[in-house]
Structures are given as C-alpha cells and as structure tokens.
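Trainee: Please see the structure below; I have some questions.
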Amino acid sequence: MKKFLSLVCMITCIFGLTACGSEETYTDYEQRKMDTAIQIATQYVIPSLENFEDEAALESFSEYTADEVAYMVQENVGITVDGYAYKTAIESFNSAKKSIGGITAVGDAEAAIDDDQIIVHVDVTGAKQNAQAEVIFTNDMFLSMESAALNPVESMGGLMTKAALNTLIGMGTVFVMLIMISLIISLFNFIPKIQAAFSKKDKEEAKNVGIDKAVTQIAAQEEPEADDTELVAVIAAAIAASEGAASTDGFVVRSIRKVR
C-alpha cells in the first residue's frame, strides 16, 4: 500500500512539474517589447486601419505602391509597417467591419513571442458582433508591423444557431435518402407485374406464330390433295377409255399407289 501511495505521489509531482514548465517565461526586455507591441497595436495600428471607411479613399490608397504606403504610414501615424501588409490589413478590417457593424470599442490585449515575431491579440467590440484583431510585429529592436487582420468572433447564440442548422441539414439529408430508398423498394412490387405482362405478350406472339405455322402446314397438305383429285380423274378417264365405257360411273378409284 505504501509503495502504491509513493507511486501516486511521484506521478502527481511529475505532472505538476510538467505544468509549471509549460508556462512561458519572458525576460524583462522581452516583456517591455511585448508591452510596446500592445501599445502600438491598440493606439496606432487599429485606429489607423479603422479610419478607412470611405470607398473613394480606399480606391485612391490602393493605387500607391508598398513603399509609398510604408512611407505615408511612417509620416502620418508614426509606426513602421510593411506596405503590402498594411494594404492587406485595410481590406481585412473593412471586410470584417461590415459583419460586426463597425468598431465601437477596443478591449483587452495580450501578446506573445513566437521566435522572430511578436503576436498581439486585441478584443474588439462591434455594434452587431464582437471580433478579435491580430497584429504581428517583427521581434527586433525596432518593431515593424508584418501583418494585421480583424476576425469576427461568433457568439454562443450564433454558434448554437449554426450547430442547429447543421444538425437540421444533416437530418434532412438522411430523411430524404431514406424516403428515396423507400420509393425504390416500393417499385419492386411492380417488377413481377411488368415481367408477367412481357411474358403474356411473348406467349401471344408464340401462339400467333404457331397458328401461322399450322395454317401453312394445312395449306401445304391441301395442295397435294387437290393434285391427287385431278390425277384420280385422269386415271379414271383412262380406265373408262380402255374398257370402252362411255363414263366413269361404273367404277371408283379408291387409292393410287406407285408401282416400281
């Protein structure tokens, strides 16, 4: 029993050390850089991207090159950005703002260092729906924005609605398939009737063919009989002539047999 308890305690300590080791620890310098990244993201990047709401301004801004965009942002906003990334971020923010109904407030933010990047996530409140902004900086002495995007966050009600719709679509598809299978199975009852109809038709055709053959055979048999009647009359006339009789009334030819 004591050995078992010792083993349990050892396993608990191992898991505790593992959990403690999984927590990310940063130096003071790294923490200051993350705080700076959060400040730049919440006070400069998001407000500057939020201001692009006029379609004419967007169209005119899209005509600038990446270097020109980086220069204008540096001069007007005071932050270093990648020009192409900033133009892409404008498109992302405008697309998301249509879904969330515009940004009404900027909430809490947190940052993390991932190798050569500092990733900042900022909670954003929208008129219709909340969202989360993701701003990525270079992990250098002078931070430069590499990318930014605004991603709508589904509420619990929205997630439940989508789950319910997916469930209904799945169940509806299953029921439709079951109904189709039932219809196909019900059609099997007509197969014997169809086979019987075709069989009856074949029998009638065979019967008609048999009648035609019989008529043909009868006709073939009647023709020789007609020929035999003529032959009998000729033979009877020849016999009467040989006997010197004036007619064939005195005898009857009953059969004709060929003699070798």
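Trainee: Taking a 1.4 Å probe, which of Val77, Val124 shows the most accessible area, and what order do the others take after it?
Mentor: Ranked from most to least accessible, the order is Val77, Val124.
Trainee: Quick one: what do you get for the stretch 78-210 if you divide its Cα Rg by 2.2 N^0.38 Å?
Mentor: Ratio of Cα Rg to 2.2 N^0.38 Å: 2.29.
Trainee: While we're on this one: Quick query: amide H of Gly126 versus all other amide H atoms, modeled in the peptide plane; which residues come in under 5 Å with a sequence gap of 5 or more or a different chain?
Mentor: So Gly126 has HN proximity to Thr104, Ala131.
Trainee: To continue, here is another question. So if the hydrodynamic radius of the stretch 62-104 is defined as the Kirkwood radius over C-alpha pairs, what does Stokes-Einstein give as its diffusion coefficient at 4 °C and 1.567 mPa s, in µm² per second?
Mentor: Using the Kirkwood radius from Cα pairs, D works out to 117 µm²/s.
Trainee: Can you give the extra length, in nm with one decimal, that the chain gains between Phe190 and Glu24 once fully stretched, where that is 0.36 nm per residue apart less the Cα-Cα distance?
Mentor: Stretched out fully, the Phe190 to Glu24 stretch lengthens by 52.5 nm.
Trainee: May I ask you to rank Glu243, Glu205, Glu134 by accessible area, largest first, using a 1.4 Å probe over the protein chains only?
Mentor: My answer, sorted largest first, is Glu243, Glu205, Glu134.
Trainee: What percentage of all Cα-Cα pairs in the stretch 84-130 are separated by more than 15 Å?
Mentor: In whole percent, the share of Cα-Cα pairs in the stretch 84-130 beyond 15 Å is 57.
Trainee: Let me ask you something else. Any idea what Rg and Dmax come out to for the stretch 34-111 if you just take the C-alpha atoms, in Å?
Mentor: Rg then Dmax for the stretch 34-111, in Å: 12.7, 35.
Trainee: Report the accessible area of Ser186, computed with a 1.4 Å probe over the heavy atoms of all protein chains in place, in Å² rounded to the nearest 10.
Mentor: Ser186 has an accessible surface of roughly 50 Å² with all protein chains in place.
The values are calculated or read from the model by the stated rules, or taken from the named source; none is laboratory data. What you see is a predicted model; the values in this text were computed from it and never measured. Side chains included, ligands, DNA and RNA excluded: accessible areas come from the protein's heavy atoms. Shrake-Rupley method; radii C 1.70, N 1.55, O 1.52, S 1.80 Å.
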